[in-house]
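Okay, so here's the structure we're looking at.
Here, each number is a calculation from the coordinates, and none is a lab measurement. The structure displayed is predicted, hence computed values, not measured ones. Note that each Cβ is placed from the backbone with ideal geometry, even for glycine, and that neighbours are counted across all protein chains shown.
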Amino acid sequence: MSDKRKRDKSKVSVFFANEKVKSAETFVLPVLFGIFIMLLWQTGVLHRLLNTDTFTLPLPGRILAIMSDNRDKIWMNTMATVLVALAGLISGSLIGYLIAIFAALNRKWGASGLGIVAACNAIPIVALAPVMTNLTKDVSHDANTRSMAAKIIVVSIVSIANMSFNAYRGLTELKPFSEDLMASYAAPKAVTLLKLRMPNSIPYVFTALRVAVPSSVISALVSEYFAEYIIGVGRQIRENIVLAQYPSAWAYIVSACLIGILLYSILMIIEGIVLKRHVKA
Amino acid sequence: MMSRFWYKFKKWLPTLVWILIFAAVWEAGAFAVAAVKRTPENVLPHIYQIVEAAFSSKKVSGGKTASDLVLYSASLTLGRAALGFLIGSVSGFVLALIMKISKIVEKVIFPYLMIIQMIPILGMAPIILSVTGDINTSRIVIAAILTFYPVATGTLAGFNSVERSKYDLMHIYAAKKTDLYTKVLIPSAVPYFFTGLKIAAPMAITASILVDTLQGDGGLGTLLSQSLKHAMSVYVFWLIVFFSAFAGIFSSKLMGSIEHLVLPHKRTARAAGKGEAV
C-alpha cells in the first residue's frame with residue numbers, strides 16, 4: 001500500500017519536473033486562479049465575502065457591456081493616457097540615461113547629483129502635478145495641449161529618477177578588472193563608455209523600465225486628476241466616482257489595468273529579444 | 001575636530017552646490033514669472049515668499065495660521081500613511097516568504113501582484129470604503145496595498161538572489177529547512193526588503209494624500225484641493241507641496257537609516273555600490 005503510494009508520488013513528481021509541464025504551469029495556474037475569481041465575482045460570492053453590493057462592484061458582464069457601449073469614448077480617453085505615459089516614459093528615460101552617463105564620467109559631482117535626482121523621486125506625484133499644471137499655463141492656448149505638456153513633464157520626472165539610478169549602477173558596476181583592461185589598452189573615456197559601460201548597462205536599463213512602465217502609467221493617471229483639461233482614463237475614473245457612477249468608473253478601471261498590462265507585456269517581449277542578443281554578443 | 005568638520009564639508013559640498021543650483025533656477029524662474037504675470041504666486045512664487053508664509057502669524061482659515069493648518073492636516077495624513085505602510089510591509093514580507101516556500105503559490109499569485117499595482121488607487125477607494133465602511137480604514141488599507149507590491153517583489157527577488165553554492169553548503173551541513181530560511185535566505189533578503197521599503201514609503205504618503213482629495217474630512221489632500229480652488233491663501237498650496245516633498249524624501253531616508261541600524265555591515269559595501277551621497 002505504502003509502496004504503491006510512493007510510486008504514485010514519484011510519478012506525480014516526475015510529471016511536475018517535466019520542462020514542458022513547468023512552463024505550461026506558469027501560464028495555466030494564474031489563468032485558472034483568475035477564472036476562479038471571475039466565477040466568484042459573477043456569481044456574487046465575492047460580493048458576500050467583501051460585504052459589498054453590485055452597485056459598487058458591478059458584475060463582470062455588466063462592466064463589459066458598458067465598455068462595449070461606450071467603446072469610442074473609452075478608446076479616446078485610453079489613447080490620451082497611453083500617449084502621456086509613453087511620451088513621458090521615453091523622454092524621462094532618455095534624460096535619465098544621459099544623467100547617468102554624466103554621473104558615471106564625473107563621479108564626484110555626478111554621484112551627489114544623483115542623490116538629488118533620487119530625492120526628486122521621493123516627491124509625491126500629488127505635489128508635482130498641480131505645480132506643473134501651473135507652470136505650463138502659457139505653453140499653448142489650447143487647454144488640451146497644455147494639460148498634455150504638464151502631464152508628460154510629471155511622468156518624465158518620475159521616469160528620470162528611476163532610470164538614472166539604475167543606469168548609473170549599470171555603467172559603473174563592471175566586471176572585475178574590465179576597467180583596468182580598458183585602461184591598459186589606453187582606451188579613451190569615450191571608447192570605454194561605448195564598448196564597456198553602455199553594453200554593461202543594458203540589463204540594468206530593463207530593470208529600470210520594469211519599474212518605470214507601471215509607474216509611468218500610474219503617474220499619468222494621477223497627473224490627469226490635477227490637469228486642466230478633462231481627458232484620460234484616470235480623470236474619468238475620478239469624475240465617475242465623484243458622480244457615484246460606479247459601473248462606468250469600473251469600465252475605466254478595467255481599461256487602466258489593460259493599459260498597464262499591455263505596456264508591460266510589450267516591454268517583456270522587447271526585453272526577451274534584446275537580452276537574448278545581448279547574451280550572445 | 002577641525003579636519004573632521006572639513007572632511008564632512010567636502011563630502012557634502014557637491015550636494016550643497018546642487019541644492020544652490022536648484023534654488024537659483026527656481027528664483028530665475030520666479031523672477032521671469034513675476035515680470036509677466038499678474039498673480040505670480042499662483043504660478044511660481046519666490047522661495048522667500050514661501051518661507052515667509054510658513055512663519056507668518058496671519059490666520060488663513062478657521063483661526064489657524066498656514067503652518068498650523070498644514071502641520072495639523074499632515075499629522076492626520078501621515079499617521080494613516082504610517083499605519084498602512086506598516087501593515088503593507090509586514091504582509092508583503094510574509095507573502096514573499098510564502099511564495100518562496102511554495103513555488104505553486106508564486107506562480108499563481110505573482111502575475112496578479114503586478115495587476116494590483118496597475119489598478120489606480122483612487123479606483124479602489126470606493127470599493128474598499130464599502131467593504132470597510134469607514135473612510136479612515138480604507139485610507140490605511142490603500143496605503144497598505146501600495147506598500148505591499150514593492151516590498152513583496154523586492155523581498156522575493158532577495159530570496160531568489162541566493163546562489164546555488166549556498167544551498168549546496170547548507171545541504172552539506174544537513175541543515176534543516178528552518179535553518180536554511182533563518183540563517184541564509186531571510187538574512188540575504190533583508191537588504192532587498194529595505195530597498196522595497198525605500199520605494200514604498202513615499203508611495204504610501206502619496207496614496208494617503210490622494211485619498212484625502214476624494215473625501216473632505218481633513219488631511220493634506222483635502223487642504224490641497226481647497227487651496228487650489230482658492231478657498232484660502234495659495235501659499236498653503238506651496239507649503240503643502242514643499243512639505244509633502246520633504247516628507248517623501250525624509251520617509252525614504254528614514255528607511256535608509258533604519259537599514260543602517262539593522263545592517264551595519266552593509267554600510268560600506270552598499271554606499272560604494274549605489275553611489276548614495278545624500
Proximal aspartates and glutamates relative to residue A:189, as straight alpha-carbon distance under 17 Å, when same-chain residues fewer than 8 apart are discounted: A:173, A:179, A:180
Lys/Arg Cβ at +1, Asp/Glu Cβ at -1, dipole of the protein assembly as shown taken about the Cα centre: which of A:86, A:220, B:13 is farthest positive-ward? B:13
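Determine, from the Cβ-Cβ distance of residue A:73 and residue B:91 and an R0 of 25 Å, the FRET efficiency 1/(1 + (r/R0)^6), rounded to the nearest 0.05.
On the way: r = 37 Å, r/R0 = 1.50.
Here the calculated transfer efficiency is 0.10.
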For peptide B:236-249, what's the mean number of Cβ atoms from other chains within 10 Å of each residue's Cβ? 4
Assigning unit charges at the beta carbon (Lys, Arg +1; Asp, Glu -1) and nothing else, what dipole magnitude in debye, to the nearest 20, does region A:60-280 show about its Cα centre? 580
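Enumerate by residue number the trypsin sites (Lys or Arg not before Pro) in region B:167-226 meeting two conditions: DSSP loop (anything except H, G, I, E, B), and at most 13 other Cβ atoms within 10 Å of the site's Cβ. Working shown, then result.
Working: sites: B:176, B:177, B:183, B:198; in loops: B:176.
Hits after loop and neighbour filter: B:176.
In what sequence do A:153, A:63 fall when counting other Cβ within 10 Å, fewest first? Each step should come with its number before you reach the end.
Working: A:153 24, A:63 21.
Listing A:153, A:63 from fewest to most nearby Cβ atoms yields A:63, A:153.
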Enter the angle in degrees (range 0 to 90, nearest 10) between the Cα long axis of helix B:234-262 and the first principal axis of the Cα atoms of chain B, meaning the one along which they spread out most. 20
Taking other Cβ within 10 Å of each residue's Cβ, how do B:72, B:192 sort, fewest first? B:72, B:192
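Give the peptides B:153-165, B:3-15 in descending order of average Cβ contacts within 10 Å, highest first. Before the final figure, lay out the partial values.
Values: B:153-165: 17.6, B:3-15: 11.5.
Sorting B:153-165, B:3-15 by mean packing, highest first, produces B:153-165, B:3-15.
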With a cut-off of 8 Å between alpha carbons and a minimum separation of six or more residues, what is the relative contact order of chain A in percent? 23
Of the peptides B:87-94, A:40-47, how do they stack up when ordered by the mean number of other Cβ atoms within 10 Å, highest first? B:87-94, A:40-47
Electrostatic dipole magnitude of the protein assembly as shown [Cβ: Lys, Arg +1; Asp, Glu -1; Cα centre; debye, to 20]: 1800
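Nearest 20 debye, what's the magnitude of the dipole of region B:1-44 about its Cα centre given +1 on Lys and Arg Cβ and -1 on Asp and Glu Cβ? Let's see the in-between values first.
Details: 6 positive and 2 negative charges, 60 e Å.
Charge dipole of region B:1-44: 280 debye, to the nearest 20.
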Residue-averaged beta-carbon neighbours from other chains (10 angstrom radius) around A:240-253: 2
What residues have an amide H closer than 5 Å to that of residue B:65, excluding those fewer than 5 places away on the same chain, when H is modeled at 1.01 Å from N in the peptide plane? B:60
Per-residue HN-Hα couplings for region A:135-141, Karplus 6.51 cos²θ - 1.76 cosθ + 1.60 at θ = phi - 60°, whole Hz, x for Gly and Pro? 5, 9, 4, 9, 5, 8, 7
Per DSSP, the loop-located chymotrypsin sites (Phe, Trp or Tyr not before Pro) within region A:100-186 having at most 13 other beta carbons within 10 Å are A:177, A:185
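For chain B, take the alpha-carbon Rg, divide it by the Kirkwood Rh, and send me Rg/Rh. Mind showing how you got there, number by number?
Values: Rg = 23.0 Å, Rh = 21.7 Å.
With Rg and the Kirkwood Rh in hand, the quotient comes to 1.06.
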Could you work out, residue by residue across B:105-112, how many beta carbons of other chains sit within 10 Å of that residue's beta carbon, and then give the average as an integer? 5
For residue B:219, distant residues with modelled amide H under 5 Å away: none
Which entries of A:276/B:100; A:108/B:107; B:58/B:198; A:151/B:103 show an alpha-carbon separation above 32 angstrom in the structure shown? A:108/B:107; B:58/B:198; A:151/B:103
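Given contacts defined as C-alpha pairs under 8 Å and at least six residues apart, what's the relative contact order of chain B, whole-number percent?
22
Ignoring the sites themselves, what is the longest stretch of chain A with no GluC sites (Glu not before Pro) in a DSSP loop and at most 16 other beta-carbon atoms within 10 Å?
Details: sites that count: A:173, A:228.
With GluC sites (Glu not before Pro) excluded where exposed in loops, chain A gives A:1-172 as its longest stretch.
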